[in-house]
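The values are calculated or read from the model by the stated rules, or taken from the named source; none is laboratory data. Fair warning: this is a prediction, and the values are worked out from it, not measured in the lab. Here Cβ is always computed from backbone atoms with ideal geometry, including for glycine, and neighbour counts include all displayed protein chains.
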Amino acid sequence: MKALVFDGELRLTDIPIPERNGEALIRVTHAGICNTDIELVKGYMGFNGVLGHEFVGRVEAAENAALIGKRVVGEINAGCGKCEKCGAKDPRHCEIRTVLGIAGRQGAFAEYLTLPESNLLIVPDTVSDEAAVLIEPLAAACRITEQLDVNGLATLIIGDGKLAQLIARVLPLSGARCDLLGKHAWKRDRVPLPCKTMALDDYEPSRSYDLAVEASGSPEGFATARRSVRPQGTIVLKSTYASKLHLNAAPIVVDEVTVLGSRCGRFEQALSLVEDRKLDPTDLITHRFALEQGVEAFVASRGSDAMKVILEIA
Ligand SMILES: [Zn+2]
Ligand SMILES: [Zn+2]
């Protein structure tokens, strides 16, 4: 099968179709490029192999016959199945998990992938393939509401990229009063009400926010969050960087600010938001490429005119 592999350089190559080993074999139809993929190509996590963790596809082989032929999305953390976390059906913090296209597991920028059947959710017919590809990052946005009651919080979202955009759509549904701070006018224009937007150049922090969500993908975003949040407020960190964040901890202690890391969410919540027409994430898609043009797709995804870049695989 064709696959987009990173092994120090990103290239399209032919590799064997993965062995099932009791998991479901999925024919990938669409996949999305995420900032994490761009960071992985810079060396984040030291991952080598097939990249990609946002996908929709059809099950070709599985133990559970009811899954065969079904259109599915899949949660990306695959646990050991034995530890306490896995026993509670939440492998996101299993200590020996593998993560699709990120850690110890071949990813979705290929014609086929495998995942445990328990990771899969069947996509309702009313949800398009392009919306389904965005369920993974949408679930990551929803994760904040799983960790924190945001109802009524004055919230600053830092960044105007894909993840920040999804967060700006999700948090108001849970009652947060949101402002979004971004560099690019055309991206700010995509943010729907009730979230308000502000240009980064004109912004003067005043320590007035209950909650700041750092989703800019840039380490400077943390300093902006720090200057924007009130004493005893909360900073949520959503970006994973290949580079290191330097921070002065003393003011965080003095102001008793809570710093909360936030990663993967549950797909069920994200899927029902789309199914119930609470939001439509597909307006974030700016580019579409064939798998064979995967290297070009990565170049495009770093362009100033790009938000979500989709690979159309089958
Ligand atoms: Zn991602
Ligand atoms: Zn486990």
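Of the strands (runs of 3 or more DSSP E) that lie entirely inside segment 85-172, those containing 2 or more residues that are modelled with pLDDT of 95 or more, of a type outside the set (K, R) and within 16 Å of ligand 1 (Cβ to nearest atom) span 98-100, 112-115. The residues of segment 232-269 that are modelled with pLDDT of 95 or more, more than 30 Å from L100 (Cα to Cα) and touching a helix residue (DSSP H, G or I) at 6+ places or on another chain (Cβ under 8 Å) amount to a single one, V257. In segment 58-80 there is at least one residue matching the filter, namely being in a loop (DSSP other than H, G, I, E, B), within 16 Å of ligand 2 (Cβ to nearest atom) and surrounded by fewer than 21 Cβ atoms within 10 Å (Cβ to Cβ). The residues of segment 2-36 that are over 10 Å from G294 (Cβ atoms), at pLDDT 95 or above and buried (at least 16 other Cβ atoms within 10 Å of the Cβ), listed by number, are F6, P18, E23, A24, L25, I26, R27, V28, T29, H30, G32. Residue check: is P205 in a helix (DSSP H, G or I), over 23 Å from the mean Cα position of the chain (by Cα) and surrounded by fewer than 18 Cβ atoms within 10 Å (Cβ to Cβ)? For P205, the condition - in a helix (DSSP H, G or I), over 23 Å from the mean Cα position of the chain (by Cα) and surrounded by fewer than 18 Cβ atoms within 10 Å (Cβ to Cβ) - is not met.
Does any residue of segment 287-306 turn out to be touching a Lys or Arg at 6+ places or on another chain (Cβ under 8 Å), surrounded by 13 or more Cβ atoms within 10 Å (Cβ to Cβ) and over 22 Å from G57 (Cβ atoms)? So far as segment 287-306 goes, no, none of its residues is touching a Lys or Arg at 6+ places or on another chain (Cβ under 8 Å), surrounded by 13 or more Cβ atoms within 10 Å (Cβ to Cβ) and over 22 Å from G57 (Cβ atoms). The residue pairs whose first member lies in segment 83-99 and is under 12 Å from S118 (Cβ atoms), whose second member is within 16 Å of ligand 1 (Cβ to nearest atom) and not in a loop (DSSP other than H, G, I, E, B), and whose beta carbons are closer than 6 Å, counting only pairs six or more residues apart or on different chains, are P91/N77. Scanning segment 283-299 for residues that are farther than 18 Å from T13 by Cβ and among the acidic types (D, E) yields a single hit, D283. If the condition is being surrounded by 15 or more Cβ atoms within 10 Å (Cβ to Cβ) and touching a residue at least 40 places away in the same chain (Cβ under 8 Å), then segment 117-132 contributes E117, N119, L120, L121, V123, V127, S128, D129, E130, A131, A132.
Of the numbered criteria (1) surrounded by fewer than 16 Cβ atoms within 10 Å (Cβ to Cβ); (2) of a type outside the set (D, E, K, R); (3) without any contact (Cβ under 8 Å) to a residue 24 or more places away in the chain, the one S243 fails is (3). Taken as a whole, the structure places G221 among residues that are part of a helix (DSSP H, G or I) and surrounded by 16 or more Cβ atoms within 10 Å (Cβ to Cβ).
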